[in-house]
Each structure stands twice: as C-alpha cells, then as structure tokens.
Amino acid sequence: MYRYIIEDKRFVPPFNEPASLLTIGLTPLKIHQEELFAGFFKTPLELKGVFESADELPKAQGECVVYRDNLWFDREFLTYFLELARASKRPCRAAFSADDKAFRTYVLPLAQDLQPARDKNGKEIYVMDLWYFPNGYDPAIHPVIVPSDAHEIGFFTVPDFMTMQQGNLTHYAPMRAVMSIESWVHVYFASIIFGTFARAGRLDKRIDRSLFTNLRLLWHALMEQKQILHASGAVEIGRNCAIDPSAVITGPAKIGDNCSIGAGVIIDNCTIGDNVTIDAGCMLYQSTVGNNCFLPFRASLYLTAVMESTIIAQNTCLQMCVIGRNSFVGAGNTFTDFNLVAQKPIRAIDRDGQLKSVGQIVLGSAVGHNCRIGSGMVVFPGRMIESDTVLIASPQRRVISRNISFEESDHHFVVGGEVHKRFYPRQGEEVEAEERW
C-alpha cells in the first residue's frame, strides 16, 4: 500500500512556516501524520509521490492513501475513516457533518480548505483532503462521514455579564478529531481542545463504560497511596525525572523524559515534553509544553500551547495562547483573553490576512518563532506577534493592542540590533545565507 502527500507550502501566520512544520502538541505535524499511518498499518507506508494540488489525484496508483500535509487528525479519526473505507472497497473521502457541534465550533472558523457538499440523503457535509483508493484513482468518490461523538465539558463558571448571558463556558471534547491547520487559532484548537480536552473526555467515557478502567485506576491509587487522578494510572511520567514531593500532578497527564519539576508546582491535565524544567510555584492547566522548554518560578499557563525550546519567565500569565519555538517571553507579562468593553466573540486573522470571528468569547494571542518579549507587557486577545520580533517595554509600548509585524520589531531601533537574526521570513521573501546562519 502507498501514500501520496499533497504538499501545502502556504505559510501560517504569525509563524511564517508551512503547517506541516508546526508543532501540534509535542510533535511536528509532518511527523505526527507519518507516525499515525505507521501505527495503523504496522509498517511505514511507502511514499509514492508528492503532489502540488488535488488536481494531480489521477496520478495515484494501487491501494493508497492521499492526504494534504496541513491536515491534523488523531488516531481515532484516522482509524474510523480507514476501517470503513477499506471495508467498503470503494474510493472514499473523509468528511464530517455540518451539524456536528465540535467540528462546526472549532474546525470551520477561519478555514478555507474545507469544501461543502451533500451526502446521499442531501444532508450538508464538509469534505476534507484525505482520500482512500483501493485500486488507484477513481472519480466515483464516496464520502465517509466521521462523527466526533463529542460531549460538553465546562472549564470555568463566571457571572452571566462576563459571558453575554450564555451561561458557563464550555468546550466540546471529541472522541475523534480533525483540523485543517490554516492559522494559529487552529494550532490552539488542535493542541488544546482536540488534544488535552479530548484526552480528558476519553478518560471520562472509559470510566463511565469500563469496569476494568475503574479497577485499574483504583489499583494504582491504592498501591501508591494517592488519589485516583494523581496516581500512575492517570499520570504517565517518563524516565530520569526529578519531581519535588510537594508538586501536585493531576491526570490525565503525560510528562516526558529528563524533566525537573520544582516545589509547589501544579500540573493539571497537561502534556509535557522531554528535557523540560518547571521551577517552583508554576501552575499549568490543560496546556502543552514542548521539548527543552524552561519555566522559571511562578509562571502560569492556562489552556496554552508552547512549542519547543522556549522560555516563559517568572510571573508571566498565558491564557489560551500559542507560543512558537525558540522564543522568550519575559517576566511579568499578561496575555489577556476577554474583550472587556465590546464583550463579543473575538476575531483573529485568517491565512489571507482577513479579520474574522473565531466564535469564541475567550481566546488569547499568538507569538511566533524566535521572538523576544520584554517584561511587563499586556497583550490583548486575538493578537499576533510575528516571528523574529523583539519587543522591549517602554512608556510608549506597554500594551499590545494590535498585531505586531517584524518591521515593527524594537531590535531595528536599538544599538546592536543586528545581533538578532531573522530565521523566518515571510513567504516569497529571501534571507541571505550568512544572515540565517
């Protein structure tokens, strides 16, 4: 069996990088896709070809899978689709129902690659760039509708005046998830809502339905003399980790190898990569922290995705944000997540630079790769700071109320600014080799 990739070279702002290279959870999207296919078929699928667009689908040969490389999906979604597609012995394309709450809420906003269609009953669906062909390309393609089977989970309760009379703030935790990565908001949804939230939702379902799961969790808790969600049945800890006894880790959670977790740290439903240091007093809730990151004392993450090799300094609070790789966010910064005056759904920039609603009342901001953010700033919701940008706090710039481009970086205006190199130019721009390296 073969696989073909439709290569999407379009850059995702503010990272200035194709989606396939962005880290979703702990893994670059390209590697994540390859690992899922290898896990499903037990052996890696031979890469038979790389297409520039779906117009090249007729080149597909033999039994094969074709997918666009900006499409993120989890193991449950891929398994559901491929099992039904292979059993049908017909050419198939993955789709979801337009009235599926989870997909409608998180996948459709800011998305441009999804195509509306109708199923055989005339019901509205959306098709995605994921195909299965049993005997090479065949234009008679049948949609395979994958349900999310999501259920609603609350994440905090606030007074009505803070939620526009919509009641408690909730998210839909899907049992199967897919996302077309076209903006930083999609990175957030895929990493956090379809990642950590979905993991908690699946554990809830297993506890409700499986006596074995309940007994296993209880056994670990009794043996370790811990509460059920604090024991190893719900918390996976890697090798060579140093964890202070006063740290509180609540599952479901996963911590990688060679991690150091200091005194008084609180970690609740998080995914932590390898070689991560989290110092005393840090608080992490439903967040992901990539490999080789460093969080000094009292840093706080709430529903936030941090890519690899990044520092989040002391007393900084990140709420519902995405932070790129090799970046530094200085001490005492606050990334807000709510429109105090307008009190309406937050808007963000799509891939074409258009400002559109994301359908969320609360949402943070995005910082690109190789950024340096000074201390003591306040960043408004839905804003972007482009890759390679340096921001130095001053009386004139304490509040970030709009998107910040590389041209506005403070390193252009200070002595010695040339030491900060640009590694992530925009699409179509060139950076000299000596400047990059």
Filter result (touching a Pro at 6+ places or on another chain (Cβ under 9 Å), among the hydroxyl-bearing types (Ser, Thr, Tyr) and either under 23 Å from Asp268 (Cα atoms) or assigned by TED's automatic domain parsing to the domain that holds Thr304 (or both)) within segment 178-214
Thr196
Collect the residues in segment 270-315 that are farther than 20 Å from Asp388 by Cβ and β-branched (Val, Ile, Thr), keeping them in residue-number order.
Thr271, Ile272, Val276, Thr277, Ile278, Thr288, Val289, Thr304
Residues Ile228, Ile243: which one is surrounded by 14 or more Cβ atoms within 10 Å (Cβ to Cβ), closer than 26 Å to Phe297 by Cα and without any contact (Cβ under 8 Å) to a residue 24 or more places away in the chain?
Ile243
If you go through segment 275-283 one residue at a time, do you hit one that is hydroxyl-bearing (Ser, Thr, Tyr) and closer than 30 Å to Leu215 by Cα?
no
Report those strands (runs of 3 or more DSSP E) wholly inside segment 63-116 carrying at least 3 residues which are without any contact (Cβ under 8 Å) to a residue 40 or more places away in the chain and either farther than 23 Å from Lys48 by Cα or over 23 Å from the mean Cα position of the chain (by Cα) (or both).
none
Given (1) part of a loop (DSSP other than H, G, I, E, B); (2) surrounded by fewer than 18 Cβ atoms within 10 Å (Cβ to Cβ); (3) at pLDDT below 95, His412 misses just (1)
Is it true that Gly201 is touching a residue at least 40 places away in the same chain (Cβ under 8 Å), closer than 26 Å to Asp74 by Cα and surrounded by 14 or more Cβ atoms within 10 Å (Cβ to Cβ)?
yes
Which of the helices (runs of 4 or more DSSP H) contained wholly in segment 177-244 include at least 3 residues that are under 22 Å from Val358 (Cβ atoms) and touching a Ser or Thr at 6+ places or on another chain (Cβ under 9 Å)?
184-188
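The values are calculated or read from the model by the stated rules, or taken from the named source; none is laboratory data. Given the structure is predicted, the values throughout are model-derived calculations rather than measurements. Every residue, glycine as well, gets a Cβ built from its backbone with ideal geometry; the counts of neighbours run over all protein chains shown.
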